[in-house]
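The values are calculated or read from the model by the stated rules, or taken from the named source; none is laboratory data. None of the values given here were measured: they were computed from a predicted structure. FYI the Cβ positions are ideal-geometry reconstructions off the backbone, even for glycines, and counts take in every protein chain you see.
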């Protein structure tokens, strides 16, 4: 799992905003400031090398507009393209089949969330 976890972190943290595993968003940054959007959360999953597994990631933005979150979604979509191979010490993991859907947060018009799914495949174990 360590190689896959490192590869996923490297990929998802490469978009200019903090990236955290789903359910592990800290309350504060290392310098003591509160963690606030924008940030990305992603599912850490170890696929069996013989099969594909679906994972999800979520973008979180605070804005009155969908423009910033849509632009970041487009950036991630472009990085995945028709598929992207992310190197690991033991080979690579492969992300493909990207889809995105905006999710609306009831009671908070300024919190925007984009739910993204993709296929994860390990090319070696």
Of the conditions (1) in contact with a strand residue (DSSP E or B) (Cβ under 6 Å, 6 or more places away or on another chain); (2) surrounded by fewer than 14 Cβ atoms within 10 Å (Cβ to Cβ); (3) in a helix (DSSP H, G or I), residue 72 clears all except one; give me its number.
-> (2)
Taking the stretch 31-53 on its own, how many of its residues are loosely packed, with under 13 Cβ neighbours inside 10 Å and either closer than 26 Å to residue 84 by Cα or touching a residue at least 40 places away in the same chain (Cβ under 8 Å) (or both)?
-> 3
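Go through the stretch 7-25 residue by residue and tally those that are in contact (Cβ under 8 Å) with a residue 60 or more places away in the chain and in contact with a strand residue (DSSP E or B) (Cβ under 7 Å, 6 or more places away or on another chain).
To start, the set of residues in the stretch 7-25 that are in contact (Cβ under 8 Å) with a residue 60 or more places away in the chain comprises 7-8, 10-11, 14-15.
Then keep just the ones that are in contact with a strand residue (DSSP E or B) (Cβ under 7 Å, 6 or more places away or on another chain); that gives 7-8, 10-11, 15.
Going through the stretch 7-25 one residue at a time, the tally reaches 5.
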Out of curiosity, is residue 94 in a strand (DSSP E or B), more than 13 Å from the chain's Cα centre (by Cα) and modelled with pLDDT of 95 or more?
-> no
Hey, residue 120 hits all of (1) buried (at least 18 other Cβ atoms within 10 Å of the Cβ); (2) touching a helix residue (DSSP H, G or I) at 6+ places or on another chain (Cβ under 7 Å); (3) within 26 Å of residue 3 (Cα to Cα) but one; which does it fall short on?
-> (2)
Kindly indicate the residue of the stretch 97-125 that is over 18 Å from residue 10 (Cβ atoms) and not in a strand (DSSP E or B) and also modelled with the lowest pLDDT among those meeting that condition.
-> 125
Among residues of the stretch 79-91 being assigned to a loop (DSSP other than H, G, I, E, B) and surrounded by 13 or more Cβ atoms within 10 Å (Cβ to Cβ), the residue modelled with the lowest pLDDT is 90
Residue check, residue 28 more than 14 Å from the chain's Cα centre (by Cα), surrounded by fewer than 13 Cβ atoms within 10 Å (Cβ to Cβ) and touching a residue at least 40 places away in the same chain (Cβ under 8 Å) | no
